[in-house]
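The structure follows.
Please treat every number below as a calculation from the coordinates, not as lab data. The structure displayed is predicted, hence computed values, not measured ones. Positions of Cβ are generated from backbone atoms using ideal geometry, with glycine treated the same way; all protein chains shown enter the neighbour counts.
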Amino acid sequence: MSEQLEGKVALVAGATRGAGRGIAVELGAAGATVYVTGRTTRARRSEYDRPETIEDTADLVTEAGGTGIAVPTDHLDPVQVRTLVERIDAEQGRLDVLVNDIWGGETLFDWEAPVWEHDLDKGLRLLRLAVDTHAITSHHALPLLLRRPGGLVVEVTDGTADYNRDTYRVSFFYDLAKSSVLRMAFALGHELAPRGACAVALTPGWMRSEMMLDHYGVREDNWRDALDRVPHFAISETPRYVGRAVAALAADPEVARFNGTSLSSGRLAREYGFTDLDGSRPDAWRYLVEVQDRGLPADVTGYR
């Protein structure tokens, strides 16, 4: 996909690590100028206290063939977001792709606690990080995106609309957060379509983010060592896989056919023909329904 997005400008909000980083890098590999935002910089860490930084992400975008520009931004602060968009306007005069990937909630919820036992302040902050940040960013960025026809908004979540409709997602607060993002894409689709743009919700599968690899005590080069403990991890994918999904959507002149819908990296891999970095094509959400959630032994045959 090299150079398919040359001349295009993207904002990946929440690009410090994980899906956001993978998306930013693949947009860069397709030739785009990519603004990457987050709260962890080389000078200051967020409460995550992890080593990944937005400057590192910007460097990876540039190394991939695009132009990476890091802008420290707290997307809960409307003033910071407005200033970010004003900078993009001043420097580029356009915005073609907005990716709302802001999250930051992993450390805030108790996986086992029902809502009446969960720390309320942490639960409400989780919702603010998952929902308010996306709304604030869309509010300020969409006027610039709508200046030219063909703009794309990608709302990144966890789970497809079908899966989340029928499946309890971990906890009250997590379930509500991820379902809300799905609905935001649906609502934005209605508001953007008459104005020449579109919005989609997009979920990766079981993603081998930096935090997930650390959780299982493995690296990307030896991730299969975790399969003895977590056999279904065999269906997992790199963050670059969902990145390739976004790049494919952004390069598709008929992307509006997906407006307002819920998509997954696996489905779009079948649609556009891209693969993960290892040449496989994992379809995690079909696997979860047909294998893992049915209690069957781990077997990714036919699913990657």
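Quick one, which of (i) 72, 67, 42; (ii) 60, 43, 37; (iii) 53, 44, 40 is the actual Cα extents along the principal axes in Å calculated for this model?
Matching entry in (i) 72, 67, 42; (ii) 60, 43, 37; (iii) 53, 44, 40: (iii).
Check which residues have an amide H placed less than 5 Å from GLY151's amide H, if you skip close sequence neighbours.
Counting only residues 5 or more places away or on other chains, the set is CYS198.
Also, I was wondering about something else. As a footprinting exposure proxy, order ARG183, ARG304, ARG219, ARG244 by other Cβ within 10 Å, with the fewest listed first. Intermediate results must be reported in sequence, preceding the final value.
Values: ARG183 15, ARG304 21, ARG219 12, ARG244 26.
Sorted ascending by nearby Cβ count, the order is ARG219, ARG183, ARG304, ARG244.
Quick one: plug the Kirkwood hydrodynamic radius of the stretch 223-304 (C-alpha pairs) into Stokes-Einstein at 10 °C, 1.306 mPa s, and report D in µm²/s.
116 µm²/s
Sort LYS8, LYS122 so the one with the fewest other Cβ atoms within 10 Å of its own Cβ comes first.
Details: LYS8 22, LYS122 15.
The order, fewest Cβ neighbours first, is LYS122, LYS8.
Run the helix sum for the chain: -39,500 (n - 2.57) per DSSP H stretch of 4+ residues, divided by residue count, reported at 222 nm to the nearest 500 deg cm²/dmol. Walk me through the intermediate numbers first.
Details: 11 runs with 121 residues, N = 304.
Rounded to the nearest 500, the figure is -12000 deg cm²/dmol.
Suppose we take every Cα in the stretch 6-99 and form the convex hull; what volume per residue is that in Å³? Mind showing how you got there, number by number?
Values: hull volume 7.9 nm³, N = 94.
In the stretch 6-99, the Cα hull volume divided by residue count equals 84 Å³.
Can I ask one more? Spelling out what I want: for every residue of the stretch 109-124, take phi, set θ = phi - 60°, compute 6.51 cos²θ - 1.76 cosθ + 1.60 (Karplus), and round to whole Hz; glycine and proline get x.
10, 8, 4, 9, 7, x, 4, 6, 9, 6, 4, 5, 4, 5, x, 5
Counting only residues 5 or more places away or on other chains, whose amide H sits under 5 Å from the amide H of ALA70 once H atoms are built in the peptide plane?
VAL36
Over the chain, what is the relative contact order in whole percent, taking alpha-carbon pairs under 8 Å and six or more residues apart? Don't skip to the answer; put the middle values down first.
Values: 624 pairs, mean separation 53.6, N = 304.
Relative contact order, the chain: 18 percent.
For a quick check: sort SER179, SER265, SER46 by the number of other beta carbons within 10 angstrom, fewest at the front.
Numbers: SER179 17, SER265 31, SER46 14.
Ranked by crowding around the Cβ, least crowded first: SER46, SER179, SER265.
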